[in-house]
1. Have a look at ARG271, ARG248, ARG259, ARG293 and point out the one that is over 20 Å from ILE167 (Cβ atoms), of a type in the set (D, E, K, R) and in contact with a strand residue (DSSP E or B) (Cβ under 8 Å, 6 or more places away or on another chain).
2. So which residues in the stretch 109-137 are assigned to a helix (DSSP H, G or I), within 16 Å of ligand 2 (Cβ to nearest atom) and either open to solvent by 20 Å² or more (accessible area, probe 1.4 Å) or at pLDDT below 95 (or both)?
3. When you check GLU413 against the structure, is it open to solvent by 40 Å² or more (accessible area, probe 1.4 Å) and either touching a Lys or Arg at 6+ places or on another chain (Cβ under 8 Å) or not assigned by TED's automatic domain parsing to the domain that holds ARG263 (or both), yes or no?
4. Filtering the stretch 135-188 down to residues that are among the charged types (D, E, K, R) and touching a Leu at 6+ places or on another chain (Cβ under 8 Å), which residue is farthest from GLN108 (Cα to Cα)?
5. From the list THR195, THR164, which one is open to solvent by 30 Å² or more (accessible area, probe 1.4 Å), within 16 Å of ligand 1 (Cβ to nearest atom) and farther than 24 Å from ALA313 by Cβ?
6. Do we find that GLN351 is open to solvent by 40 Å² or more (accessible area, probe 1.4 Å) and either in contact with a helix residue (DSSP H, G or I) (Cβ under 7 Å, 6 or more places away or on another chain) or within 16 Å of ligand 1 (Cβ to nearest atom) (or both) in this structure?
Amino acid sequence: MAPVDVPVALLGYGTVGAAVNRFLHENADDIERVTGYHLRVVKALVRDLSKERDFPAAAGILTTEFAEIADNSEITLVAEVMGGLDPTHDYILRLLRSGKPVVTANKQLLAQRGAELFSTAQGAGVQLRFEASVCAAIPVIKVLRESLVVTNVHQILGIVNGTTNYILTQMELGASYEEALSEAKRHGYAEMDPTEDVSGADAAAKMAILATVAFGSRVTLADVQFEGVEHITSAHVSAAKQMEMVIRLVGRATLVDDRYDVRVSPALVDRAHPLASVEGPFNAVMLQGDAIREITLEGPGAGGIETASAVIADMVSIIGTTGTGFLHNDACWRTLDQLPAGELCSPFYLQIAVDDRPGVLARVAERLAAHGVSVARLVQAQIEGGAILHVISHEAAYGAVDSALEEIGRLSESREIAAAFPVISRRGISELGWA
Ligand code: NAP
Ligand code: HSE
């Protein structure tokens, strides 16, 4: 049987867009054999026609005129791989309203303005798919939306940013933060503005999308508390190593009594925990739910061809499921409250620089105890004229730890709160090593 011809357009022809076109050319036979479709890029929107491209498009494909895509009735669906909020938001709305399904890799747009986009798609009866917006090649959205549709997923733990994971693992090998970041940019993992990666904003947007799909309630970027890796030093990395742990930027979305908490921060991850072995630009997402107990998905989380694979998978899904029902709907169907800030609990690693004087340790311990933060492990290391306290606590509320640290920071003997990271371990805290 002759394959079905599917003319598609791209908004953007950069790292991801060029890789989508390359993939569709180089794997056309495989795609046709498996799906019965011949997907071909007929137009791609760019800013600069004269720019050199990784995989140059054929003559007449690139355009700087959005209307050449929006007004072309031959185009069956569009992949948005240009990024940014504006004019992207308006372009997608116009495409959806005109009945063109859209695939997007744009996590910031979805996490900040998803409600309007999904209600427009739903109103127009077309799909808006977004697999590539979270963890590139890992099919986590499809698994959550389709495979786990009847599973009450109540916790997601994930490494969802490739750039920062690459930076942290390169630092373990001795690279400086700056060297590792510039390598991540060179490989095409980083966003156009890499501050989104290193500040945690990229991971926060992805966790907002994952939480929305898993919990069925809209979580936006503004609902996610996030912190990035800009302040991680080699001293943090080597302190973690001494405790048989590694530092990872970890996203956590939790549902407690129908209230959600979503956050991203550097965490100390026990070497024996599955997230500790996620290295380089790889991502992993651990889903915990009633029926499934735990499912971990791991794979390439950034890069052109890796993201293109998810974009094309979404295109194929759209063609295969058009007119078939629930996938046209917004994944979000209810409104849950947010857990009050600070109520979520975790064990913590605290690194506190103090003057080395009699009674200091007691005063620090007293402030921790006053907020119900119980010390599980403690090591004191001498430094020039002072000491560093490495503390591991038992489970404590984030808010209690913040309040205790605020008071410790005000002690006259306190020099610096150098780290306060949640600890992720399946062994008891007291089982962790301390070289
Ligand atoms: P990129 O290399 O910077 O490419 C962006 C493309 O969009 C370029 O072709 C650019 O045109 C075009 N563009 C940007 N603004 C435009 C505008 N106002 N009008 C017309 N064209 C415009 O970015 P990318 O790495 O491919 O990322 C694209 C999207 O995928 C982003 O949302 C990103 O978050 C997401 N994503 C990326 C990755 C990754 O690993 N790179 C992974 C997952 C998701 P010119 O080429 O003419 O400048
Ligand atoms: N900049 C992103 C990352 C690309 O490093 O994970 C994938 O979304």
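1. The unique qualifying residue is ARG259.
2. Passing the criteria: only GLN112.
3. Values: open to solvent by 40 Å² or more (accessible area, probe 1.4 Å): no; either touching a Lys or Arg at 6+ places or on another chain (Cβ under 8 Å) or not assigned by TED's automatic domain parsing to the domain that holds ARG263 (or both): yes.
No.
4. The qualifying residue farthest from GLN108 (Cα to Cα) is GLU146.
5. On the way: THR164 fails: open to solvent by 30 Å² or more (accessible area, probe 1.4 Å).
On inspection, the qualifying residue turns out to be THR195.
6. no
Yes or no, residue by residue, for (1) of a type in the set (Asp, Glu); (2) at pLDDT 95 or above; (3) closer than 22 Å to ILE319 by Cβ; (4) open to solvent by 20 Å² or more (accessible area, probe 1.4 Å):
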site: VAL8; (1), (2), (3), (4): no, yes, yes, no
site: GLY36; (1), (2), (3), (4): no, no, yes, yes
site: ALA44; (1), (2), (3), (4): no, yes, yes, no
site: ALA58; (1), (2), (3), (4): no, yes, no, yes
site: LEU62; (1), (2), (3), (4): no, yes, no, yes
site: VAL78; (1), (2), (3), (4): no, yes, yes, no
site: ASP86; (1), (2), (3), (4): yes, yes, no, yes
site: LYS100; (1), (2), (3), (4): no, yes, yes, no
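The values are calculated or read from the model by the stated rules, or taken from the named source; none is laboratory data. Being a predicted model, the structure only gives us computed values, none of them experimental. As a convention, Cβ positions derive from the backbone with ideal geometry for all residues, glycine included, and neighbour counts pool all protein chains shown. Note: accessible area is taken over every heavy atom of the protein model, side chains too, but ligands, DNA and RNA are not part of it. Shrake-Rupley method; radii C 1.70, N 1.55, O 1.52, S 1.80 Å.
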